[in-house]
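Visitor: The structure is given below, and queries will be raised subsequently.
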Amino acid sequence: MPSRPLIAVTESRGGKPFMPFFNWLSLALVGARSRRITAPFRPEDLAGVDGLLIGGGEDIDVELYGGTPVPVERIDPERDDMELSALDNATERGLPILGVCRGSQMLNVFYGGSLHQDIYTSFAAKPRDRTVFPKMRVTITEASFLARTIGRTDLKVNSLHHQAVDRLGNGMIKVASDQFGIVQAIERQGARFCVGVQWHPEFLFYLPAQRRLLKAFVHAARRRC
């Protein structure tokens, strides 16, 4: 019987209870165990894990990428610090990394990139269509690892974000965008598995393409078991 790798999943301390549930469920369905980790960072939280999933949540502190603070931001500096430390640990150990929504943004910031603080300001044509259902179409670069993984270059996804990747971090490449030009997925050149997606695959576990993404992440983690 194949081993069940252990995935560390970063989450907010207070957050809505459905988020941990769907993170657990989506990973369990593709053969992984999960360990929820929250701020502050404790090295023992990553002991024995085979992969790192940076989950969704609050905005990232603009001071980390040189942005201008806005009054409506909901930030959690302790979670920012925890995730940066977790990414540093995981990168040093060569763990597979998947960033989801905020997690994709944090992955970009970790490598020195910046963010659009409000996509509705930066992309005026973008409608305010936040939804957990797959209603937004994205186009994926054909030669990308992501396209090879899910077997498609076009996809309908959900949308729950108001921030997005702006300037790409060192070694990061854009591999998907929507019709408005907003970056929807990034990956790191030369990494075995280091992918960030702006959507939430954990809410779309019932769709084959999203399941393939999660399976590929877990497969990469399993190879470390």
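Visitor: Need the failing condition index for Lys215 against (1) touching an Asp or Glu at 6+ places or on another chain (Cβ under 6 Å); (2) in contact (Cβ under 8 Å) with a residue 24 or more places away in the chain, just the number.
Guide: Lys215 satisfies every listed condition except (1).
Visitor: May I ask you to verify whether Leu84 is in contact (Cβ under 8 Å) with a residue 24 or more places away in the chain, surrounded by 16 or more Cβ atoms within 10 Å (Cβ to Cβ) and more than 23 Å from Asp166 (Cα to Cα)?
Guide: Numbers: in contact (Cβ under 8 Å) with a residue 24 or more places away in the chain: yes; surrounded by 16 or more Cβ atoms within 10 Å (Cβ to Cβ): yes; more than 23 Å from Asp166 (Cα to Cα): no.
Here the answer is no, as Leu84 does not meet what is asked.
Visitor: So, one more: Criterion first (over 17 Å from the mean Cα position of the chain (by Cα) and among the small types (Gly, Ala, Ser)) does Ala47 satisfy it? Explain how you work it out, then say what you get.
Guide: Numbers: over 17 Å from the mean Cα position of the chain (by Cα): yes; among the small types (Gly, Ala, Ser): yes.
Considered against the rule, which asks whether it is over 17 Å from the mean Cα position of the chain (by Cα) and among the small types (Gly, Ala, Ser), Ala47 comes out as yes.
Visitor: I'm trying to understand the selection: among the residues of segment 176-200, which are over 14 Å from Asp166 (Cα atoms) and open to solvent by 40 Å² or more (accessible area, probe 1.4 Å)?
Guide: Listed by number, the residues that qualify are Gln179, Arg188, Gln189, Gly190, Ala191, Arg192.
Visitor: While we're looking at this one, here's another question. Which of the residues spanning segment 13-44 are in a helix (DSSP H, G or I), open to solvent by less than 40 Å² (accessible area, probe 1.4 Å) and at pLDDT 95 or above?
Guide: Answer for segment 13-44, where residues must be in a helix (DSSP H, G or I), open to solvent by less than 40 Å² (accessible area, probe 1.4 Å) and at pLDDT 95 or above: Asn23, Leu25, Ser26, Leu27, Ala28.
Visitor: Taking into account only those residues within segment 123-134 that are touching a residue at least 12 places away in the same chain (Cβ under 8 Å) and either touching a helix residue (DSSP H, G or I) at 6+ places or on another chain (Cβ under 7 Å) or farther than 26 Å from Val9 by Cα (or both), which is least open to solvent (accessible area, probe 1.4 Å)? Talk me through it step by step, then tell me what you get.
Guide: Applying the first criterion (touching a residue at least 12 places away in the same chain (Cβ under 8 Å)) to segment 123-134 yields 123, 125-126, 129-134.
If we keep only those that are either touching a helix residue (DSSP H, G or I) at 6+ places or on another chain (Cβ under 7 Å) or farther than 26 Å from Val9 by Cα (or both) as well, we get 123, 125-126, 129, 132.
Working: Phe123: 40, Ala125: 78, Lys126: 10, Asp129: 56, Val132: 60 Å².
If we take residues in segment 123-134 being touching a residue at least 12 places away in the same chain (Cβ under 8 Å) and either touching a helix residue (DSSP H, G or I) at 6+ places or on another chain (Cβ under 7 Å) or farther than 26 Å from Val9 by Cα (or both), then Lys126 is least open to solvent (accessible area, probe 1.4 Å).
Visitor: Ok, one more. Could you pull out the residue among Leu213, Leu168 that is closer than 24 Å to Glu58 by Cβ, among the aliphatic types (A, V, I, L, M) and in a loop (DSSP other than H, G, I, E, B)? Before you say what the answer is, go through the steps one by one.
Guide: On the way: Leu213 fails: in a loop (DSSP other than H, G, I, E, B).
Just a single option satisfies the conditions, and that option is Leu168.
Visitor: Within segment 186-200, which residues are closer than 14 Å to Ser144 by Cβ and either in contact with a Phe, Trp or Tyr (Cβ under 8 Å, 6 or more places away or on another chain) or not in a strand (DSSP E or B) (or both)?
Guide: Filtering segment 186-200 down to residues closer than 14 Å to Ser144 by Cβ leaves 186-191, 193-197.
Within segment 186-200, Glu187, Arg188, Gln189, Gly190, Ala191, Phe193, Val195 meet the criteria.
Visitor: Continuing with the same structure: Kindly provide the set of residues from segment 45-64 that are acidic (Asp, Glu) and open to solvent by 60 Å² or more (accessible area, probe 1.4 Å), ordered by number. First the steps, then the outcome.
Guide: Pass one, segment 45-64, residues acidic (Asp, Glu): 45, 50, 58-59, 61, 63.
Correct list: Glu63 only.
Visitor: Please state which one of Asn89, Asn108 is of a type outside the set (Lys, Arg), in contact with a helix residue (DSSP H, G or I) (Cβ under 7 Å, 6 or more places away or on another chain) and surrounded by 16 or more Cβ atoms within 10 Å (Cβ to Cβ). If you could, list the steps in order and put the result at the bottom.
Guide: Details: Asn108 fails: in contact with a helix residue (DSSP H, G or I) (Cβ under 7 Å, 6 or more places away or on another chain).
It is Asn89.
Visitor: Which of the numbered conditions does Arg79 fail, given that it passes all the others? Conditions: (1) modelled with pLDDT of 95 or more; (2) surrounded by 16 or more Cβ atoms within 10 Å (Cβ to Cβ); (3) under 26 Å from Leu146 (Cα atoms).
Guide: (3)
Visitor: Do you know which of the residues in segment 1-12 that are surrounded by 13 or more Cβ atoms within 10 Å (Cβ to Cβ) and over 20 Å from Gly196 (Cβ atoms) is modelled with the lowest pLDDT? Spell out how you get there, then give the answer.
Guide: Within segment 1-12, the first condition is being surrounded by 13 or more Cβ atoms within 10 Å (Cβ to Cβ), and the residues that meet it are 3-12.
Add one more test, that the residue is over 20 Å from Gly196 (Cβ atoms), and what stays is 3-4, 6.
Details: Ser3: 85, Arg4: 95, Leu6: 98.
Within segment 1-12, the match that is modelled with the lowest pLDDT is Ser3.
The values are calculated or read from the model by the stated rules, or taken from the named source; none is laboratory data. Every value quoted in this text rests on a predicted model; they were computed, and no experiment measured them. As a convention, Cβ positions derive from the backbone with ideal geometry for all residues, glycine included, and neighbour counts pool all protein chains shown. In case anyone asks, the SASA skips ligands and DNA or RNA and just uses the protein heavy atoms, side chains included. Shrake-Rupley method; radii C 1.70, N 1.55, O 1.52, S 1.80 Å.
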